[in-house]
1. Could you check, for region 31-44, whether at least one of its residues is assigned by the TED database to the domain that holds ALA150, over 15 Å from GLY131 (Cβ atoms) and in contact with a Gly (Cβ under 6 Å, 6 or more places away or on another chain)?
2. Looking at region 141-222, what helices (runs of 4 or more DSSP H) fall wholly within it and have at least 2 residues that are under 30 Å from THR362 (Cβ atoms) and not acidic (Asp, Glu)?
3. Applying the selection to region 37-56, what residues are touching a residue at least 40 places away in the same chain (Cβ under 8 Å), open to solvent by less than 40 Å² (accessible area, probe 1.4 Å) and not basic (Lys, Arg)?
4. Considering only region 270-322, state which residues are polar (S, T, N, Q), touching a helix residue (DSSP H, G or I) at 6+ places or on another chain (Cβ under 7 Å) and in contact (Cβ under 8 Å) with a residue 12 or more places away in the chain.
5. As an exercise: evaluate PRO340 against (1) open to solvent by 30 Å² or more (accessible area, probe 1.4 Å); (2) at pLDDT 60 or above and give the number of the one condition it does not meet.
6. For region 282-334, how many residues are modelled with pLDDT under 85, open to solvent by 40 Å² or more (accessible area, probe 1.4 Å) and more than 18 Å from THR142 (Cα to Cα)?
7. When both residues are 6+ apart or on different chains and their Cβ atoms are under 7 Å apart, which pairs have a first residue that lies in region 376-387 and is farther than 14 Å from GLY126 by Cβ, and a second that is exposed (fewer than 13 other Cβ atoms within 10 Å of the Cβ) and at pLDDT 75 or above?
8. Identify, please: which residue in region 149-193 is closer than 19 Å to TRP113 by Cα and of a type in the set (Ser, Thr, Tyr) and is, among those, surrounded by the most Cβ atoms within 10 Å (Cβ to Cβ)?
Amino acid sequence: NPYAGLVSHLRAAWLSGKTRPMEYRVAQLEALGRFLDEKKQEILEATALDMGKPSFEAYFTEILLCKNELNGTLNNLSHWMKDEHVDKNLVMQLDSAFIRKEPYGVVLIIAPWNYPIHLFLVPLIGAIAAGNCVVVKPSETTKNTERLVAEMLSCYLDNDCFAVVTAGVQETTRLLENKFDYIFFTGSPSVGRIIMTAAAKHLTPVTLELGGKNPCYVSDTCDVQNVARRVAWGRFFNAGQTCIAPDYVLCSLEMQEKLMPALREAITEFFGSNPRESPDFGRMVGDKQFRRVRALLCSGRVAIGGQTDEKERYIVPTSPSLPQQALHGSFEPLMTGVLPWGSQNPPPLLPSQVVNQVLERTSSGGFCGNDTLMHVTLTSLPFGGIG
């Protein structure tokens, strides 16, 4: 196996105990902070080349949120590493009983293309903080970012304990044949099944972040302009290529009639009358992703937008109807209906009551009331998802 030597090298470093002291972990985390500071411009340029990512979006998601994660980790690390003493029974009063947090060992992180720095760096921060050695595989779809990570990260981190592997599908399949002690994967459900199958052969625990559906319920008591701006911002951020972006709206027919013109207005406010010329609107990451989203557009009625340009991989902010899969594209379908427990004409509720009803009677890995996306910016919330 072409990666057996690399994994063995990292395992030997881990078994030596090198990564366990707090001072070592802190030094590696601080080195990641220097990477973000010193390579800021290169990160902005690489993400712009890969997917036309506007500089504000790239700075906010790929740099600032990662620095927040780093700061939170450095501030809490000594507390997280302490033994947790537990209650004792009568027989054990003179003994000591505690829970000690130990590293897993050699960890594999497989990152996606939509946030190509953030979604490998945040799991990497956690893995380093916990005292692991790590193999990182950035997405091959975002070539410029992949090259930046492969060339530069080794200049900051200890090469005995941390490695970057650049690999396509076939090479990743060979990489997964090796025994890892934990695998963190962000991507599609179809690839997630492959990862989990490979992990099962070694009984390796996994975290799979596989997107999903993100309904956005709009009650009749909402301020329509606020709703339109927040939904449009969340949906079209990163040209719609966000796994937690709202991908359909549930509302009454009366609200739909008010919301559609408000959405048009919000899109124009954010991106101008011609979003193609806007410095604040990105592009689809690749031809395959562009064609998949365009095919979805062609399967329904378009109410807003709909124009595309394959050469530029450009899809105008769009609102069609009823897709049935994870979107990862720049459009927002609108559906009418009621939540599962609701009656057709529920009594008027205060906004806080509406939020509490939705929270209590639906199930989701992450929830945001009266906004979109913003819950993911809190480092104090755990990693979301059901299953």
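The values are calculated or read from the model by the stated rules, or taken from the named source; none is laboratory data. Note that this is a predicted model, so its numbers are computed, not measured. Note that each Cβ is placed from the backbone with ideal geometry, even for glycine, and that neighbours are counted across all protein chains shown. All accessible areas refer to the heavy atoms of the entire protein, side chains included, with ligands and DNA or RNA removed. Shrake-Rupley method; radii C 1.70, N 1.55, O 1.52, S 1.80 Å.
1. Within region 31-44, not a single residue is assigned by the TED database to the domain that holds ALA150, over 15 Å from GLY131 (Cβ atoms) and in contact with a Gly (Cβ under 6 Å, 6 or more places away or on another chain).
2. Values: elements: 143-152, 169-175, 189-200.
Helices (runs of 4 or more DSSP H) meeting the threshold: 189-200.
3. Within region 37-56, ILE43, ALA46, THR47, ASP50, MET51, GLY52, PRO54 meet the criteria.
4. THR308, THR318, SER319
5. Of everything listed in (1) open to solvent by 30 Å² or more (accessible area, probe 1.4 Å); (2) at pLDDT 60 or above, PRO340 misses just condition (2).
6. Residues of region 282-334 that are modelled with pLDDT under 85, as a first pass: 296-306, 318-334.
Filter once more, keeping what is open to solvent by 40 Å² or more (accessible area, probe 1.4 Å): 298-299, 301-302, 322, 324-326, 328.
Okay, now just the ones that are also more than 18 Å from THR142 (Cα to Cα), so 298-299, 301-302, 322, 324-326.
Residues flagged as modelled with pLDDT under 85, open to solvent by 40 Å² or more (accessible area, probe 1.4 Å) and more than 18 Å from THR142 (Cα to Cα) within region 282-334 amount to 8.
7. Matching pairs, first to second residue: ILE386/SER363.
8. So, considering only residues that are closer than 19 Å to TRP113 by Cα and of a type in the set (Ser, Thr, Tyr), the one surrounded by the most Cβ atoms within 10 Å (Cβ to Cβ) is THR186.
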